[in-house]
1. Where the only charges are on Cβ atoms (+1 Lys, Arg; -1 Asp, Glu), what is the dipole of the chain about its Cα centre, to the nearest 20 debye?
2. Where both residues lie in region 44-149, what percent of DSSP beta bridges are antiparallel, nearest 5?
3. Where the only charges are on Cβ atoms (+1 Lys, Arg; -1 Asp, Glu), what is the dipole of region 1-141 about its Cα centre, to the nearest 20 debye?
4. Among SER58, SER163, SER27, determine the one that fluctuates most according to a GNM of the chain built with springs between C-alpha atoms less than 10 Å apart.
5. Considering the options GLY44, LEU159, TYR91, tell which one lies farthest towards the positive end of the dipole of the chain, charges being +1 on Lys and Arg and -1 on Asp and Glu at the Cβ, about the Cα centre.
6. Return the carbon/sulfur percentage of the accessible area of the chain, one whole number, probe 1.4 Å, all protein chains in place.
7. Is any helix in the chain, taking whole DSSP H runs, at least 20 angstrom long along its axis by alpha carbon and on average at least -0.5 on the Kyte-Doolittle scale, and which ones?
8. Would you mind counting up the charge near PRO201? Only other residues with Cβ under 12 Å from its Cβ, with Lys and Arg at +1 and Asp and Glu at -1.
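The values are calculated or read from the model by the stated rules, or taken from the named source; none is laboratory data. Computed from a predicted model, the values in this text were never measured in an experiment. Here the Cβ positions follow ideal geometry from the backbone for every residue, glycine too, while neighbour counts run over all protein chains shown. In case anyone asks, the SASA skips ligands and DNA or RNA and just uses the protein heavy atoms, side chains included. Shrake-Rupley method; radii C 1.70, N 1.55, O 1.52, S 1.80 Å.
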Amino acid sequence: MSDETAMVGYEVGEDGVAVLRLQRPKSRNAINTEMLETMLARLGEARDDDAVRVLVISSNDHMGLSAGADVREELDADGGVRRMQLFADLYDELTAFPKPTVAACHGDTIGAGAEIAVCCDMRVGGSNLRMRFPGAALGVPVGPARLVTLCGLATAKYLLLSSRYVSADEALRMGLVNRVAPAAGTEESALELAAQVAAHPPEAVARLKRMLHEWDRVEERTAREGEGQVEWQRSGPGLPHRN
């Protein structure tokens, strides 16, 4: 099943690979409240569907996975807090997703887009990748929970405190992505990787992922970080919003 007119598409292949696809290219796939609600609903569907063995996060525009939160969205203060809570919920749900996840990181993968990518178990970088974690530049207290696990303390500090853009080759060296593909073939490469994982016994794959997360405690760190980012939106400067 697929809906090409929605801002978030979802489809499940015969190989057990589900694709959750951001479909708002005119806004560089900037993520608004409606998209967050839809993504969380689709994650629930994929989690509960026994036919789904692996989930791929992608977009319908190989020039960018996502430019991050839609700061142009018209929200009042309460709406801004609710949106931040939905981002925290998304990071929690995606990090703790019981099945393997793969992100197709083509083009601009920035802010919330980068956070979604590092919530996933594996990442394929497009040759045109521009990844950025702008927490220091924007003041957003998000990123350490997953980046330290993924690429180590020193590299996490470099990425978060500098807020600089990272290319595909740099991301590969840092361990941010597992492989690099031609820009237009990023999703295809992610689907190939997902199909390889989906071919394994799902019980064994789920058990290994569960063991890795229990020993690393990334889910606990992600939940704690999410609480902090919501409080920052509620009582601190927060992300800008329009009302």
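1. On the way: 27 positive and 36 negative charges, 197 e Å.
Value, rounded to 20: 940 debye.
2. Values: 1 of 13 bridges.
For region 44-149, the DSSP antiparallel bridge percentage is about 10.
3. Details: 14 positive and 23 negative charges, 134 e Å.
My answer is approximately 640 debye.
4. Comparing SER58, SER163, SER27 in a Gaussian network model of the chain, the most mobile one is SER27.
5. Towards the positive end, the residue furthest out is LEU159.
6. Values: 5790 of 11090 Å².
Ligands and nucleic acids excluded, carbon and sulfur reach 52 percent.
7. Numbers: long enough: 33-48 (23 Å, -0.38); 77-95 (27 Å, -0.28); 202-216 (21 Å, -0.79); 218-235 (26 Å, -1.72).
Within the chain the helices that satisfy the rule are 33-48, 77-95.
8. Values: positive: ARG53, ARG207; negative: GLU203.
In short, +1.
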